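Encoded as structure tokens, the structure appears first; notes follow it.
The values are calculated or read from the model by the stated rules, or taken from the named source; none is laboratory data. All figures in this text were calculated on a predicted structure; none of them were measured in a lab. Surface accessibility is based on the protein's heavy atoms, side chains included, excluding ligands, DNA and RNA. Shrake-Rupley method; radii C 1.70, N 1.55, O 1.52, S 1.80 Å.
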Amino acid sequence: MKGSGGTDGGLGQFLIGFGLAALAVYLFFDSVRVITTGTGLVSGMLRGRGGHGQMGDTTSMGILFVPFFLGVFSLFVNARQRWAWVLTYFGIAVLAVEVISQIRFFVDMKLIHLLLMLILFAAGCALMFRSYDEDTPEALNQLSRTSDDGDPGSGVQTEATPSPQTAAPTSGGEART
């Protein structure tokens with residue numbers, strides 16, 4: 001049975017490594033807290049510093065929907081208008097940037113827990129990469145069984161090669177032993 005990456009064996013190592021890495025990722029994500037702040041990138045620029053900018057204190061997220069609304073409206077009127085597609089995509093991009101810029105992540109864990117998660121993740125990844133290696137014990141045993149059979153393609157020479165001392169004849173025509 002072929003394992004991971006088509007190598008012999010290695011499937012068990014891969015599954016154990018995947019399990020360790022998945023556990024580490026789950027534990028890390030479980031300890032991250034996500035909150036949102038009051039202003040995002042675009043609404044912060046519209047409000048200016050300290051909330052008192054060009055648009056004043058009444059600026060809300062509603063103004064960010066105007067490009068998207070106009071683009072979708074124009075597409076329903078005539079879907080072949082290129083500028084309507086550009087305006088719609090621009091509106092989607094502005095909304096995505098605004099939402100993403102309001103998100104804040106906080107990691108709430110002890111240092112020892114973080115180190116243990118990093119060790120779990122590194123060990124899991126190492127086992128997964130190791131499972132792709134051809135030099136697993138099963139592959140080495142198969143290689144040694146092939147070389148014991150005397151297969152000429154195995155790279156191990158099985159015929160006895162005469163040593164230089166026994167092959168060199170002496171002046172009397174006899175071989176030295």
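Quick notes on this one:
- Area accessible to solvent at Phe129, 1.4 Å probe radius, in Å²: 150 Å²
- Exposure of Val34 as accessible area (Å², to 10), given a probe of 1.4 Å and all protein chains: 90 Å²
- Residue order for Tyr132, Tyr26 - accessible surface, 1.4 angstrom probe, largest first: Tyr26, Tyr132
- The accessible area of Ile16, taken with all protein chains in place and a 1.4 Å probe, comes to roughly 100 Å².
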